[in-house]
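First comes the structure, then the notes that go with it.
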Amino acid sequence: MFVGVAYAAEEGGSSISVVPVLADIWPSILAFLLLFFLLRKFAFGPISSTLDKRAATIKESLEKAEQTKVEAERMLEEYKQQMAEARGEAGKVIEQGRKVAESMKAEIVAQANKDAEAIVAKAHEAMEAEKKAAIGELQASVADLSVAVAGKLIGEKLSTADHASLIEKYVAEVGSLNDN
Amino acid sequence: MDGFAEKLASKLHHYSVLPFSDVNGTVDAVDPFVLTNYTFFLIIAFVITLAFFLVAARRVSIVPQGIGQVAEAGYEFIRNLCVDNMGKDGAKYAPFIGTLFFFILFNNVIGLVPGALPGTGSIGVTATWALMVFIVYNAIGFKKNGVIGYLKSFVPSGVREMGPGGRFTLGPFIFVLELVGHFLRPLTLAVRLYANMFAGGIILGIFGIFMILGAQQLGALGITMTGFGFMMLVIMYGFKVFVAFIQAYVFAILTSVYIGGALHASEH
């Protein structure tokens, strides 16, 4: 720089002054102060408050998120518990239902068995009765036939009393035969 | 190397403080109320800085967006710098440090435009701001600690607690030393910024001249000179960009350190 000054001086040009020039001093202080007040009021102030607001908002959001998370976890736990309870309840209901169904099944089967037995017994009885009736009929017709045959053979008619005693005797014989 | 001296002289002339209306003239004494070439670009920097922040501040919202983000990031950077160097109350001084930083930065950046000058390339500008910083931080020191308290802080507590022998011999000596140190602060602030910005232009000018002179030469020498000049021009331009930011930062951080020291003077 000093070389420059020397050169400039030698060449007869303007010298580079390291002494402040008043024409640069007052505009720089004026410009600075004006800029300072304008920026503080219209730029730095709003920016600063926005930064603070943002920090507060973020902090609040984080806190809220944390709260929500805790709440969500609590609710999840609650739901899990409720679910487990419901599951237990459902299991019980199903178990009970099964028991009821099983007992009903047993009952129905027993009833069916009983009914079947009753039907079979009734059928038996009916058969027995019919058999008896058939046997009775047979006995009557055998008696009649026997009387007729006997009448023909003997050729004479017996009295009614004789008939009866004779038939009874005969039937008894036939019955004893049948019982065997 | 004919013409080097003349070209350098003309370059130096270009970087002199001159009336803006007559930058080619040979004016030795600049009238106090004339618009100088440096003041002209200072005003341009003023307008750009103001416009940038006024526009950006409108875009500043809770949800970061666009240019607002840039202004925000810049301001937050300065605010953190203040808090780091001054403690919790530092944010209060962020508008002052911010104005210094951004105004200097915009001035320096304008100086990167070919043909333009950085407002901070004039000692008149930097010395004014440095003196202002000196007044501001000392005023804060006196206000915070009281006149006696602040002056007492110039002598370290270790010396103040010595016996009378040490206190009255070493004490005044250190006090004077500190006082000189304080008065050197605005001087170094002013010269550091000015010299960096001024020299940046001169260095670019020199390599520019080198290139032009090389182009006028014939043969390998000319090509070598031009190539070397161009290479250095590119490197130095990159360096100048770096310096533009660094010097704004240095001015801002030193100011915040000085204010921080004044705020906490009684603690030392």
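Rule-based calculations on the coordinates, nothing more; no lab input. Owing to the predicted nature of the structure, the values given are computational and were not obtained by experimental measurement. Quick reminder, even Gly has a Cβ in these numbers, built from the backbone with ideal geometry, and neighbours come from all protein chains shown.
Taking 30 Å as R0, compute the FRET efficiency from the Cβ-Cβ separation of B:Glu76 and B:Ile235 and round it to 0.05.
Taking R0 as 30 Å, the efficiency between B:Glu76 and B:Ile235 is 0.40.
Would you pull out the residues with amide H under 5 Å of B:Gly87's amide H, same chain only if 5 or more places away, H placed 1.01 Å from N?
Those lying under 5 Å, H to H, from B:Gly87: there are none.
Residue by residue, what Karplus-based ³J(HN,Hα) values in Hz, rounded to whole numbers, does region B:42-55 have, using 6.51, -1.76 and 1.60 with θ = phi - 60° and x for Gly and Pro?
Here the 3J(HN,Hα) series is 4, 5, 4, 4, 4, 5, 5, 4, 4, 4, 4, 6, 5, 5 Hz.
What list of ³J(HN,Hα) couplings, whole Hz, do you get for region B:108-121 from phi and the Karplus terms 6.51, -1.76, 1.60, once you set θ to phi - 60° and write x for glycine and proline?
4, 5, 4, x, 6, 6, x, x, 8, 10, x, x, 6, x
Taking each residue in B:119-132, count the Cβ atoms of any other chain within 10 Å of its Cβ, then average. What number comes out?
If you average over the peptide's residues, the count of other-chain Cβ atoms is 5.
Take chain B, connect every pair of alpha-carbon atoms lying under 10 Å apart with a spring to form a Gaussian network, then pick out the residue of B:Leu112, B:Leu218, B:Leu131 with the largest mean-square fluctuation.
Taking springs between Cα atoms under 10 Å, the residue moving most is B:Leu218.
So what's the back-of-envelope 222 nm ellipticity for chain B, counting only DSSP H runs of four-plus at -39500 (n - 2.57) apiece and dividing by all residues, rounded to 500?
Working: 9 runs with 202 residues, N = 268.
It lands at -26500 deg cm²/dmol.
Expressed as a whole percent, how much of the Cα-Cα distance distribution for region B:4-267 exceeds 31 Å?
42 percent
List, in order, the whole-Hz ³J(HN,Hα) value for each residue of region A:80-86 obtained from phi through the Karplus relation with A = 6.51, B = -1.76, C = 1.60 and θ = phi - 60°; use x for Gly and Pro.
4, 4, 4, 4, 4, 4, 4
Two decimals, Cα atoms only, Kirkwood Rh: what is Rg/Rh over region B:128-258?
1.29
Between B:Phe142 and A:Met83, what's the calculated FRET efficiency when r is the beta-carbon distance and R0 is 60 Å? Round to 0.05.
The calculated FRET efficiency here is 0.25.
For a quick check: with amide H placed at 1.01 Å from N, whose amide H comes under 5 Å from B:Thr36's, ignoring anything fewer than 5 positions away on the same chain?
B:Phe20
If each of B:Val63 and A:Ala161 carries a label point 7 Å out from its Cα toward its Cβ, how far apart are those two points in nm?
According to this spin-label approximation, the distance is 13.4 nm.
Using the alpha carbon gyration tensor of region A:2-179, what are the three equivalent-ellipsoid semi-axes (square root of 5 times each eigenvalue), largest first, in whole Å?
Details: eigenvalues 4204, 63, 31 Å².
For region A:2-179, the ellipsoid semi-axes come out as 145, 18, 13 Å.
In peptide B:59-71, what is the residue-averaged number of other protein chain Cβ atoms found within 10 Å of each Cβ?
Mean number of neighbouring Cβ atoms from other chains: 2.
Mind checking which of A:Met83, A:Met127, A:Met104 has the largest fluctuation in a GNM of chain A, springs on alpha carbons under 10 Å?
Fluctuation is largest for A:Met127.
Compute the length gained on full extension between A:Glu102 and A:Leu22: take 0.36 nm times their separation in residues and subtract their Cα-Cα distance, giving the result in nm to one decimal.
Numbers: separation 80, 0.36 × 80 = 28.80 nm, distance 11.33 nm.
So the extension gain works out to 17.5 nm.
On alpha carbon coordinates alone, what is the Rg over Rh value for the protein assembly as shown, Rh being the Kirkwood radius?
That ratio equals 1.87.
Under a plain spin-label model, where a point goes 7 Å from the Cα along Cα-to-Cβ, how far apart in nm are B:Met162 and A:Lys114?
In this crude spin-label approximation the distance works out to 12.3 nm.
Would you mind getting me the FRET efficiency between B:Leu184 and A:Thr57? Use the beta-carbon distance for r and R0 = 41 Å, nearest 0.05.
Working from the Cβ atoms, E equals 0.35.
Summing +1 for each Lys or Arg and -1 for each Asp or Glu, what net charge is found among the other residues whose Cβ lies under 12 Å from the Cβ of A:Val70?
-2
So how far, in whole Å, is the C-alpha centre of region B:52-91 from the one of region A:97-175?
120 Å
Under a point spin-label approximation (7 Å from Cα along Cα-to-Cβ), what is the B:Tyr249-A:Glu137 distance to one decimal in nm?
About 13.1 nm separates the two model spin labels.
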